[in-house]
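Engineer: Okay, handing you the structure first.
Any read-out appearing in this document is the output of simple, stated calculations on the displayed coordinates, not a laboratory observation. Everything numeric here is computed off the predicted structure, so don't read it as measured data. Using ideal geometry, Cβ is built from the backbone for each residue, glycine included, and neighbour counts are taken over all protein chains shown.
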Amino acid sequence: MRQYLRYLLTLLLALLLCQPGVLCAQGTWTVSELDGVEYVKLSDVWRFYRFTPKKGRPGCVSYGSGKHVVSLKANQQDFYVNNYRYVLSHPVREEGGELMISSVDMRKLVDPVLRPRFSAQNRLRTVVIDPGHGGHDAGAVSAYAKEKDLNLAVARKLRSMLENQGYRVVMTRDGDYFLTLQQRVAIANSVPDSVFVSIHHNSGRRAASGIETFTLAPQGTTSPFARSRRFDDLAGNNQDSENIALATAVHSRAIRSSGAIDRGIQRARFSVLCTIQRPAILFEGGFVSNPEECRKMATRAYQNLLAHSICQGIVAYNNTVCKPACKVASATSGSGRVRTSMSGARVSSYSREK
Ligand SMILES: [Zn+2]
């Protein structure tokens, strides 16, 4: 019975990873169970993507192709694609001299990042921007700024940039007032053909700094922020692939343009991400609790830079993942024949017009 289940899982994973036009005859996948979690051998993964050993991050095992270099380490949840940091749901394991990665990370993170594909469900015309906190809820506070004000400032700049690109924008709040998390989610879920971008700034130790982006933890995986195991029973959502693609597109651009410390694309079960029925991310633009970083975040120039990165990320996401028919008017102008990867690298000449 167990053998049969394993065979079924192997087959399922192979089917999930295969798509029309892609050769799938690159060997079979061996699925093993380690401490109740399904894992696949990384040697199978490298073979599937035709990856070869590369020079990557120091101290890491690195494999890649012309477009991507992936770096990782045994017993770590850090996972790097083209030097951008992701946090895996389960650590990389080493068994019998073989490195292994969990099947859920393979399906919900690695594959959608390495091979972003058109989504059948996502028809992006509108962006719902959610400036976190507001009113009596100031969020993080320091001598230089209140988080609620920084969130709104970046959100307003992002709105005008997106509108200039031809997108419709819905703001969950456009002033200094309080909204519950449920109200924010209700607004997002009422807008068809949209993505949801919640904008926050962080708080932590005085020395902590950098940018991090959160997406919902996939079904059955532990969120590092869960207060009890109970939260981990929650389902993922139908947008797992879109969530990670949107996070990659926005986060990589923000890191590249700001030069901020890359705290990674992380998983969470924040209330605002749990019940959303649209592709969604929560972006943390830096630490209010770090005096140097906060002084920078309070400037219009830095707010513009963050807003511009988020805008460019959303546009890239739409052009890469969304079906051609749903691209907004201004995004369809030009040749539209160059496809960029989620992290912004020009990957191939690619025609999908008409
Ligand atoms: Zn916040």
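Engineer: Based on the Kirkwood radius over alpha-carbon pairs, what is the Stokes-Einstein translational diffusion coefficient of the range 269-323 at 10 °C with 1.306 mPa s viscosity, in µm²/s?
Structural biologist: 119
Engineer: With a Förster radius of 25 Å, plug the Cβ-Cβ distance of residue 193 and residue 275 into 1/(1 + (r/R0)^6) and report the FRET value to the nearest 0.05.
Structural biologist: Efficiency for this residue pair is about 0.85.
Engineer: Applying the Karplus parametrisation 6.51 cos²θ - 1.76 cosθ + 1.60 with θ = phi - 60° to the phi angles of the range 173-181, what ³J(HN,Hα) value in whole Hz is obtained for each residue in order, glycine and proline being reported as x?
Structural biologist: 9, 10, x, 8, 9, 8, 9, 6, 4
Engineer: At a Förster radius of 25 Å, what calculated FRET efficiency corresponds to the Cβ-Cβ distance of residue 304 and residue 83, to the nearest 0.05?
Structural biologist: 0.50
Engineer: Would you please state the base-10 log of I(q)/I(0) at q = 0.08 1/Å for the range 126-331, with intensities from the Debye formula using one equal scatterer on every alpha carbon?
Structural biologist: Log10 I(q)/I(0), no solvent term: -0.24.
Engineer: For an R0 of 25 angstrom, estimate the FRET efficiency from the Cβ-Cβ distance between residue 138 and residue 186 and round to the nearest 0.05.
Structural biologist: 0.65
Engineer: Let me ask another. Tell me, what ³J(HN,Hα) does each residue in the range 277-286 have, in order and in whole Hz, if you take phi through Karplus 6.51 cos²θ - 1.76 cosθ + 1.60 with θ = phi - 60° and put x for Gly and Pro?
Structural biologist: Along the range 277-286, the couplings run 10, 10, x, 8, 9, 10, 9, 10, x, x Hz.
Engineer: Sticking with this one: Any idea how far the Cα center of the range 275-293 sits from the one of the range 145-206, in Å?
Structural biologist: Comparing the Cα centres of the range 275-293 and the range 145-206, I get a distance of 10 Å.
Engineer: May I ask for the net charge around residue 240, where only other residues with Cβ less than 15 Å from the Cβ of residue 240 are counted and Lys, Arg are +1 while Asp, Glu are -1?
Structural biologist: Charge balance in the 15 Å sphere: +4.
Engineer: Based on the mean of other beta carbon atoms within 10 Å per residue, what is the order of 241-251, 290-300, 51-61, most packed first?
Structural biologist: Sorting 241-251, 290-300, 51-61 by mean packing, highest first, produces 241-251, 290-300, 51-61.
Engineer: Please list 64-76, 304-316, 261-273, 199-211 highest first by mean number of surrounding beta-carbon atoms within 10 Å per residue.
Structural biologist: 304-316, 261-273, 199-211, 64-76
Engineer: Go through the range 182-195 residue by residue and turn each phi into a ³J(HN,Hα) via Karplus (6.51, -1.76, 1.60, θ = phi - 60°); whole Hz please, and just put x for glycine and proline.
Structural biologist: Running phi through 6.51 cos²θ - 1.76 cosθ + 1.60 with θ = phi - 60° gives 5, 5, 5, 5, 4, 4, 4, 6, 8, 9, x, 6, 9, 10 Hz.
Engineer: Check which residues have an amide H placed less than 5 Å from residue 76's amide H, if you skip close sequence neighbours.
Structural biologist: Sorted by chain and number, the residues that satisfy this are 92.
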